[in-house]
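The values are calculated or read from the model by the stated rules, or taken from the named source; none is laboratory data. Because the structure is a prediction, the values reported are computed rather than measured. Using ideal geometry, Cβ is built from the backbone for each residue, glycine included, and neighbour counts are taken over all protein chains shown. Each accessible area value is taken on the protein alone, full model and side chains, heavy atoms only, with ligands, DNA and RNA left out. Shrake-Rupley method; radii C 1.70, N 1.55, O 1.52, S 1.80 Å.
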Amino acid sequence: MRKLACIIIMTLLASNLPADPLALSAHDAVELAKATSLDFYSQSLALDAAHRDLENSWNLFLPGVSVGATAKYGDSLLIKNAKPSSQEAFSSSLTAGLRLSLASSIIFDQKNRQTDYRSAEIGEQDAVARLTRDVQKAYYFLVSLKLDIDNKATAVTLASDRVKLASARFNSGMGSELDLLRARMSESNARSSHQRTITDYEKRQASFRRMVGLVPGETFNLSSALEVPANPVKLSSDPNLEGRADLQKASMAVQAAESAITRYVTINRLPLLSIDAAWNYSLTDRKTSKDAYSLSAGLTFNPDAWIPGSRKDLELKRLLDSKERLTLAYEQAKRAAFDEIEALKLDIDFTRDNLTVAEGQISLAERILVRTREAYDRGVATSLELDEAQLAVDSARQSLIALRYQYLSLLIDLGYALNLPWQSLVE
């Protein structure tokens with residue numbers, strides 16, 4: 001089914017090649033990546049396999065069936081027997097057998113299948129969450145680069161206008177050659193910075209196409225804006241972390257260790273009951289047939305497992321030590337998760353405050369640039385002062401774009417850390 005979905009999506013994308021660029025939202029990008037991600041596909045296959053094993057747990061109790069047929073030819077080769085043999089030269093036989101064995105370990109085998117299925121389920125969920133996080137961050141980084149390209153294109157246009165103005169003033173004798181040279185140098189730097197950002201954007205685009213499974217060279221437009229949510233992050237003082245994949249895996253490791261201890265004690269330290277039933281049927285030369293059945297029950301006990309220092313006793317102690325180590329690892333992972341979320345929350349609050357400052361800095365820098373350009377036109381401000389004012393505006397805009405991406409990136413990381421959609425944190 002997933003292969004069919006992938007083929008359909010790729011066909012639709014290919015059909016758009018001659019047409020207009022593909023309008024791609026962040027949600028669309030995630031869905032495309034799911035259809036083509038090898039990691040997600042592998043986790044899905046593992047989940048399907050574990051589900052098949054769990055659904056067919058009845059085969060643990062399935063009797064063993066054996067069917068056999070033999071044919072035999074035998075006679076004297078060089079020396080004839082003195083007495084005639086009553087055995088025919090050619091003989092054949094057909095056998096069939098049925099055996100059912102039940103032991104205490106089957107119960108634990110069935111539980112292991114349940115654990116394997118849950119582990120595969122967590123693995124697939126985590127694969128989806130990681131893929132969503134990585135695609136969204138890559139998407140919004142492309143959006144931020146595109147905004148930066150537009151910002152630098154504006155700077156190139158302004159620098160070009162400055163060159164024209166400086167050239168006109170120099171030709172009329174109102175400006176110096178130094179001002180003209182500085183204007184040309186500013187224009188050259190602006191064009192170089194603009195081209196460098198375009199190159200970086202194109203490289204990031206190629207990487208993004210591979211991530212979401214687009215055809216090489218496929219053009220697309222980013223329809224989701226780089227907008228900071230108006231509402232601040234809502235997070236309780238004691239968030240529920242049980243949905244995190246790492247904590248679920250650590251918890252399951254502790255449960256698996258407990259199950260291993262129970263299994264070992266049951267098999268080695270307690271009387272072990274086993275039941276065996278068998279039936280066999282044989283037919284020889286289509287003349288002689290016979291069958292036989294057997295029922296047996298056994299009770300075994302290992303006294304050496306109770307001897308301190310014996311191999312079985314030491315093996316049990318190793319299992320107990322392993323459980324204790326895994327329990328400590330789970331507690332440490334939980335504390336680390338709380339610390340990670342607290343750090344992300346602090347970074348988000350700090351970045352949001354910086355966004356407010358950056359927005360105010362842009363407004364102030366733009367006003368300073370307007371006044372400096374007016375002064376430059378009247379001849380009371382130098383070209384160096386105008387360059388500095390323009391650079392302050394460009395830097396403030398670039399800083400605001402970077403802070404917006406950083407804020408969204410932190411929100412996405414926080415959503416992944418809490419195993420929640422990041423949009424739900426700011427609703």
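The mean sequence separation of alpha-carbon pairs under 8 Å and at least six residues apart, normalised by the residue count of the chain, gives a relative contact order of 22 percent.
For the peptides 189-195, 303-309, the ranking by mean Cβ contacts within 10 Å, running from highest to lowest, is 189-195, 303-309. Distance from a point 7 Å along Cα→Cβ of E340 to each backbone N in region 239-257: keep the residues under 11 Å and list them by number. Zone members listed by number: 244-248. Listed values (i) 16, 31, 25, 16, 8, 4, 1, 0; (ii) 25, 53, 20, 2; (iii) 23, 45, 26, 6, 0 include one computed from this model; for P(r) over Cα pairs in 20 Å bins from 0, in percent that value carries the label (i). Normalised by the number of residues in region 357-420, the average gap of Cα pairs under 8 Å and 6 or more apart makes the relative contact order 36 percent. Summed over the residues of the chain and divided among them, the accessible surface reaches 61 Å² per residue at a probe radius of 1.4 Å.
Filter the chain for me: DSSP H helices, axial length by Cα at least 18 angstrom, mean Kyte-Doolittle hydropathy not below 0.5. List them by residue number.
On the way: long enough: 2-15 (20 Å, 1.64); 38-55 (25 Å, -0.26); 105-171 (97 Å, -0.41); 177-212 (52 Å, -1.14); 245-264 (28 Å, -0.04); 311-378 (96 Å, -0.62); 383-418 (52 Å, 0.44).
In the chain, the long hydrophobic H runs are 2-15.
Go through 118-124, 318-324 and give me the packing order, highest mean Cβ count within 10 Å leading. Intermediate results must be reported in sequence, preceding the final value.
On the way: 118-124: 19.0, 318-324: 14.3.
Output ranking for 118-124, 318-324: 118-124, 318-324.
Across region 102-192, the fraction of Cα-Cα pairs farther apart than 21 Å, rounded to a whole number, is 65%. Working note: 222 nm ellipticity from helices only, DSSP H runs with n ≥ 4, each -39,500 (n - 2.57), summed and divided by the residues of the chain, gives -23000 deg cm²/dmol to the nearest 500.
Comparing L241, L62, L408 in a Gaussian network model of the chain (Cα springs below 10 Å), the most mobile by mean-square fluctuation is L62. Computed over protein heavy atoms with a 1.4 Å probe, the carbon and sulfur contribution to the accessible area of the chain reaches 57%.
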